[in-house]
1. Determine whether residue 33 is free of Cβ contacts under 8 Å to residues at least 40 places away in the same chain and open to solvent by 20 Å² or more (accessible area, probe 1.4 Å).
2. Of the residues 34, 41, 22, 63, which single one is of a type outside the set (Lys, Arg) and at pLDDT 90 or above?
3. Looking at region 69-78 only, could you name the residues that are surrounded by fewer than 18 Cβ atoms within 10 Å (Cβ to Cβ) and within 16 Å of the chain's Cα centre (by Cα)?
4. Within region 105-125, track down each residue that is modelled with pLDDT of 85 or more and either open to solvent by less than 60 Å² (accessible area, probe 1.4 Å) or of a type in the set (S, T, N, Q) (or both).
5. If residue 54 satisfies all but one of (1) part of a loop (DSSP other than H, G, I, E, B); (2) open to solvent by less than 70 Å² (accessible area, probe 1.4 Å), what's the number of the condition it fails?
6. Within region 127-147, restricting attention to residues that are over 15 Å from the mean Cα position of the chain (by Cα) and among the hydrophobic types (A, V, I, L, M, F, W, C), which residue is least open to solvent (accessible area, probe 1.4 Å)?
7. Of all residues being touching a residue at least 24 places away in the same chain (Cβ under 8 Å) and either open to solvent by 50 Å² or more (accessible area, probe 1.4 Å) or in contact with a Phe, Trp or Tyr (Cβ under 6 Å, 6 or more places away or on another chain) (or both) in region 79-90, which is farthest from residue 138 (Cα to Cα)? Just the residue, please.
8. Hey, any hits in region 67-84 for a residue that's of a type in the set (Phe, Trp, Tyr) and either on the phi > 0 side of the Ramachandran plot or outside any loop (DSSP other than H, G, I, E, B) (or both)?
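The values are calculated or read from the model by the stated rules, or taken from the named source; none is laboratory data. Being a predicted model, the structure only gives us computed values, none of them experimental. Note: ideal-geometry Cβ built from the backbone for every residue, glycine included; neighbour counts use all protein chains shown. Ligands, DNA and RNA are stripped out before the accessible areas are found, and what is left, the full protein with its side chains, is counted by its heavy atoms. Shrake-Rupley method; radii C 1.70, N 1.55, O 1.52, S 1.80 Å.
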Amino acid sequence: MRVHVLLLHAGGQRYALPSASVVEVVPSVPLREVPGAPAEVAGLLHYRGRVVPVVDLAGRLRVAPPPATFSTRIVVCLRPGSPADTATRRLLGIRAGDVTRVGVLDPEAPGSHPGVLPDGLRALGRVTRDEEGLVQLVELEGLLGADLLARLDSEVPVPGAAPAADEVAT
């Protein structure tokens, strides 16, 4: 089964997000810090009139963060189980490096591997290969636990809010 994906990097390794969950890829902008949040929570993004929690992929995967470069991006994703209605759907941002291209992977191809799940990290899926080498799928369902997502659920529309300097404009 072939899957369209967005390819990105964290900790010097290649990962892929299913493109069906990607809403938009935006430049990495300064984020509002969340005092007391776990290290993998990069902060809050003002995105098109909403406040969206952003996860640092390297921090969540417990790998060394790459230096910020021109290709560092925030991938705004539709959270699993979110309503289809654009006004009420729930979003999650993922900050990653080298977000530069899309591709097609077959996670069930001969030679693919189910992946090794570190303790407490359900976000890593199958490992497969493309023309550049090994790539591992990221499962949005397991990226953050339900308890942390519930605490970060402040991504409601801000009626009549003027765009802030750090907002991604429409």
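1. It is true that residue 33 is free of Cβ contacts under 8 Å to residues at least 40 places away in the same chain and open to solvent by 20 Å² or more (accessible area, probe 1.4 Å).
2. Checking each option against the conditions leaves just 22.
3. Of everything in region 69-78, just one residue is surrounded by fewer than 18 Cβ atoms within 10 Å (Cβ to Cβ) and within 16 Å of the chain's Cα centre (by Cα), namely 71.
4. 105, 106, 107, 109
5. (1)
6. Only one residue tops the list, namely 135.
7. The selected residue is 87.
8. no
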